[in-house]
Amino acid sequence: MSKEEIESAVEKIVSDIIAGSKLELVDVEYVKEHDWYLRVFLDKESGMEIDDCQWVSERLEAKLDETDLIKDHYYLEVSSPGLDRPLKKERDFVRHAGDKVEVKTYEPINGQKVFIGNLIGLFDGDIRMDIDGQTVNIPKDKTAQIRLHIVF
């Protein structure tokens, strides 16, 4: 099973687990670092608590053991994506319209690789932002990372 197929199957399992709860599935990653890691990122409007993560982790672990979906040895991590969460899915761009974001590109666009501004949304494959009163469009396929920008 490919990495993408595993992520997709785990997304479905987690979606079933959290159906009817106030939890939202943000992302699933199956990545090889030194070892394999299956990471599930969840959010909740009132904020994630450790009990939320534990509740999902226990149910997901049982379901993964039952289905024997992943053949490799892996570590399961269930957590919040954090304050500076990445924006990946279309719903992320809708939910965070108006929020300050940081966009990093693979190569410079008009001489820069990092853009910070207020997210307007995702339109026809472009990330539209307001940067100091100017509308800027950045092709999503040219971006290395898109995150909420947190100012302390």
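Being among the hydroxyl-bearing types (Ser, Thr, Tyr), touching a helix residue (DSSP H, G or I) at 6+ places or on another chain (Cβ under 9 Å) and not in a strand (DSSP E or B) is the filter here; which residues of segment 3-33 pass it?
SER21
Does ASP141 meet the test of being of a type outside the set (S, T, N, Q) and at pLDDT below 95?
Here the answer is yes, as ASP141 does meet what is asked.
Kindly evaluate GLU107 against the criterion of being part of a strand (DSSP E or B) and among the acidic types (Asp, Glu).
Against the criterion (part of a strand (DSSP E or B) and among the acidic types (Asp, Glu)), GLU107 qualifies.
Condition test on MET48, is it assigned by TED's automatic domain parsing to the domain that holds GLU33 and either surrounded by 11 or more Cβ atoms within 10 Å (Cβ to Cβ) or touching a strand residue (DSSP E or B) at 6+ places or on another chain (Cβ under 8 Å) (or both)?
yes
Has segment 141-150 got at least one residue that is in a loop (DSSP other than H, G, I, E, B), surrounded by 13 or more Cβ atoms within 10 Å (Cβ to Cβ) and out of contact with any Ser or Thr (no Cβ under 8 Å at 6 or more places or on another chain)?
Yes: segment 141-150 contains one or more residues that are in a loop (DSSP other than H, G, I, E, B), surrounded by 13 or more Cβ atoms within 10 Å (Cβ to Cβ) and out of contact with any Ser or Thr (no Cβ under 8 Å at 6 or more places or on another chain).
Specify which of the listed residues (ILE17, ILE50, ILE13) is without any contact (Cβ under 8 Å) to a residue 24 or more places away in the chain and of a type outside the set (D, E, K, R).
Exactly one of ILE17, ILE50, ILE13 is without any contact (Cβ under 8 Å) to a residue 24 or more places away in the chain and of a type outside the set (D, E, K, R), namely ILE50.
Applying the selection to segment 58-89, what residues are surrounded by fewer than 17 Cβ atoms within 10 Å (Cβ to Cβ), in a helix (DSSP H, G or I) and either touching a residue at least 40 places away in the same chain (Cβ under 8 Å) or not aliphatic (A, V, I, L, M) (or both)?
GLU58, ARG59, GLU61, LYS63, ASP65, GLU66, THR67
Could you please find all residues in segment 34-47 being of a type outside the set (A, V, I, L, M, F, W, C), in contact (Cβ under 8 Å) with a residue 40 or more places away in the chain and in a strand (DSSP E or B)?
TYR37, ARG39, ASP43
At pLDDT below 95, of a type outside the set (D, E, K, R) and exposed (fewer than 14 other Cβ atoms within 10 Å of the Cβ): is that true of SER15 in this structure?
no
The values are calculated or read from the model by the stated rules, or taken from the named source; none is laboratory data. What you see is a predicted model; the values in this text were computed from it and never measured. Don't worry about glycine lacking a Cβ; one is built from the backbone with ideal geometry, like all the others, and counts go over all protein chains shown.
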